[in-house]
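A.B. asks: Below is one structure. I have some questions about it.
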Amino acid sequence: MKLMTGDFFVLPAYQLDPEGLLSSIPYRLVRQKHDSLALTQNFKKFAAFLSSAAIARDTSFVKGSGPYKLTSWSSGRALLLEKKKNWWAKNLSSQKSGLHANPEKIVYQVVPDNAAALLALKSQQVDVMDNIPLVSFQEMQRDPKYRQLFNFYTPSSYDLIFMGMNGEDPLLKDKATRQALAHLINVPLVVSSLHGGLATPTVGLVHPQEKTFYNSELQPLKFDSQKSIQLLTASGWRKSSSGWEKKINGQTRSLKLNLLYRAGNTDFENMALLFQQNASKVGIPISLQAMESSQINEKLLSRDFDLYFRTLVGNPFSYNLVPLLHTSNAKVGGANVTGFGNRQTDLLLERIAKEERTTEKAILLKELQQKMQEESNMVFLYFQQSKIVVSKKIDSVVVSALKPGYDVLRFIKK
């Protein structure tokens, strides 16, 4: 139902809000004031209810307005969904968009190991697999045996890769220093060598395919070592035999930085190594730290970091960026971990969250993209493309930029 309504799912209020805690709050107000509303007693009580085990797992309780019901959930193994016998939309004469429901059963298999998952796919124990590693995806594409069995898709996604910088760190306080670091990321090389060209470079947090909102007049921050050196010099750094130095608060500081990225993510690891090499060539030592996601979260929320690589998962429906970028959320523990923003950008974010008119929202979003590129607290690199393999036993395959990258409800098994 999300595709029909815009940016939210239609869910049964009697089931998910039995006490009517949200019944008197208009949707428009929720969109505009969700941060402050989250602190109210009603929302806290509602959040606690939604976090209960029954909401997520109890097959007798989990119900929705869609065509399928959760029949079983075997932890770490599989989830089984079955089509409802008396689904309200099954007899409608026009089966449009979100009202398609072809499969009688849908089984989601949980296979945490990539090698085992690929083996299950190749042996046709599963019909669909997404998020396939690039090398495996390309090898299967080249193999005539697998081309006979599977179709291969690479739709766009809204998974945005970026580098964040701690704008509150004295070493990175000046935006010229942050811009200098941004010029040390070779995005075209990363896209071609690490992603086989299956990624879309971007100037900001709006996907280039969203032509109404994307600021196409902005130029990407190109890989340019000389430009980086010029910016460092303009920011007050001086090159010595021991590296770049600068007087900060009366003390001589050296430009030495740590870069965090998620352990086990080979794309981030390789990108971090490339960045480290580029920075080293201009005299900036970068220490790499691979950590678990939970550890990175702790570092970010406590502001105990210099640089980090991460994925920001978005969508084309909502651009309420107040939680991520507003200065009211820049204090320790808040989501604005890079310290981006000022009063001007706060007002811009507030207007974007409230604006319903497309033309006006486009103007505001383009201005925000320009401001963010100037400040470079977050350096947006590229949007990933999905790598999906679907058995040729499946007809009516529709791929999408929205997760999971395909519409399973349209599938028809031969």
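A.B. asks: Sticking with the crude label model, points 7 Å out along Cα→Cβ, report the distance from residue 211 to residue 251 in nm, one decimal please.
C.D. replies: 5.3
A.B. asks: Continuing with the same structure: For labels at residue 50 and residue 19 in the simple 7 Å Cα→Cβ model, what's the distance in nm?
C.D. replies: 1.5
A.B. asks: Say we join alpha carbon atoms closer than 10 Å with springs in a Gaussian network model of the chain; which of 228, 287, 60 then has the biggest fluctuation?
C.D. replies: Highest fluctuation among the options: 60.
A.B. asks: Sticking with this one: Report the paramagnetic label zone for residue 412: residues of segment 102-118 whose backbone N is under 18 Å from a point 7 Å from Cα along the Cα-to-Cβ axis.
C.D. replies: Hits in segment 102-118 for residue 412 at 18 Å: 102-106.
A.B. asks: Explain nothing, just the number: relative contact order of segment 157-385, from Cα pairs under 8 Å at least 6 residues apart, as a whole percent.
C.D. replies: Rounded, it is 36 percent for segment 157-385.
A.B. asks: Also: Which longest uninterrupted range of the chain lacks any chymotrypsin sites (Phe, Trp or Tyr not before Pro) assigned by DSSP to a loop state (not H, G, I, E or B) and surrounded by at most 16 other Cβ atoms within 10 Å?
C.D. replies: It runs 89-316.
A.B. asks: For a Förster distance of 51 Å, can you work out the FRET efficiency between the beta-carbons of residue 88 and residue 176, rounded to the nearest 0.05?
C.D. replies: Calculated value: 0.30.
A.B. asks: Could you work out how much longer the chain between residue 357 and residue 298 gets when fully extended? Use 0.36 nm per residue separation minus the Cα distance between them, nm to one decimal.
C.D. replies: Fully extending the segment from residue 357 to residue 298 adds 17.4 nm.
A.B. asks: Sticking with this one: Considering the options 391, 197, 365, tell which one lies farthest towards the positive end of the dipole of the chain, charges being +1 on Lys and Arg and -1 on Asp and Glu at the Cβ, about the Cα centre.
C.D. replies: 391
A.B. asks: Right, something else. Putting +1 on Lys and Arg Cβ atoms and -1 on Asp and Glu Cβ atoms, find which of 110, 123, 135 reaches farthest to the positive end of the dipole of segment 63-156.
C.D. replies: Among 110, 123, 135, the one farthest towards the positive end of the dipole of segment 63-156 is 110.
A.B. asks: In addition: Relative contact order (percent) for the chain, with alpha-carbon contacts under 8 angstrom and 6 or more residues of separation?
C.D. replies: Averaging sequence separation for qualifying contacts and normalising by length gives 23 percent for the chain.
A.B. asks: If you put +1 on each Lys and Arg Cβ and -1 on each Asp and Glu Cβ, how big is the dipole of segment 157-385 around its Cα centre, in Debye rounded to 20?
C.D. replies: So the magnitude is around 660 debye.
A.B. asks: Among 177, 218, 234, flag the residue with its Cα farthest along the positive direction of the charge dipole of segment 157-385, charges on Cβ as +1 for Lys/Arg and -1 for Asp/Glu.
C.D. replies: 234
A.B. asks: Could you list 392, 366 so that the one with the fewest beta carbons within 10 Å of its beta carbon is first and the one with the most is last?
C.D. replies: 392, 366
A.B. asks: Once you compute Rg and the Kirkwood Rh from C-alpha atoms, what is the Rg to Rh ratio for segment 157-385?
C.D. replies: Looking at segment 157-385, the ratio lands at 0.95.
A.B. asks: Of 227/281; 84/403; 44/361; 392/414; 175/371, which pairs sit farther than 20 Å apart, going by alpha carbon to alpha carbon?
C.D. replies: With Cα atoms farther than 20 Å apart: 84/403; 44/361.
A.B. asks: Okay, next question. Let me have the 222 nm mean residue ellipticity of the chain computed from DSSP H runs of 4+ only, each contributing -39500 (n - 2.57), with the sum over all residues rounded to the nearest 500.
C.D. replies: Calculated mean residue ellipticity at 222 nm is -10000 deg cm²/dmol.
A.B. asks: Which of 250, 204, 236 moves most in a GNM of the chain, Cα contacts under 10 Å?
C.D. replies: Among 250, 204, 236, the largest GNM mean-square fluctuation belongs to 250.
A.B. asks: Dividing the Cα convex hull volume of segment 312-397 by residue count, how many Å³ per residue is that?
C.D. replies: Enclosed volume per residue, from the Cα hull, is 140 Å³.
A.B. asks: Considering the convex hull of the alpha carbon atoms of segment 235-334, report its projected area averaged over all viewing directions, in nm², one decimal.
C.D. replies: For segment 235-334, the mean projected area of the Cα convex hull comes to 8.6 nm².
A.B. asks: In nm, to one decimal, how far is the modelled label at residue 400 from the one at residue 238, with both set 7 Å along Cα→Cβ?
C.D. replies: 5.9
A.B. asks: Which of the pairs 63/105; 63/331; 63/393 have their Cα atoms more than 28 Å apart in this structure?
C.D. replies: 63/331; 63/393
A.B. asks: Can you give me the Cα centroid spacing of segment 350-414 and segment 113-189 in angstrom?
C.D. replies: 15
A.B. asks: With charges set only on the Cβ (+1 for Lys and Arg, -1 for Asp and Glu), what does the dipole of the chain come to about its Cα centre, in debye to the nearest 20?
C.D. replies: 580
A.B. asks: Candidates (1) 23.9, 77; (2) 21.5, 61; (3) 20.5, 70; which is the computed Rg and Dmax of the Cα atoms in Å?
C.D. replies: (1)
All of the numbers you see were taken from the coordinates with simple rules; none came from a lab. Since we're looking at a predicted model, the values are computed, not measured. Don't worry about glycine lacking a Cβ; one is built from the backbone with ideal geometry, like all the others, and counts go over all protein chains shown.
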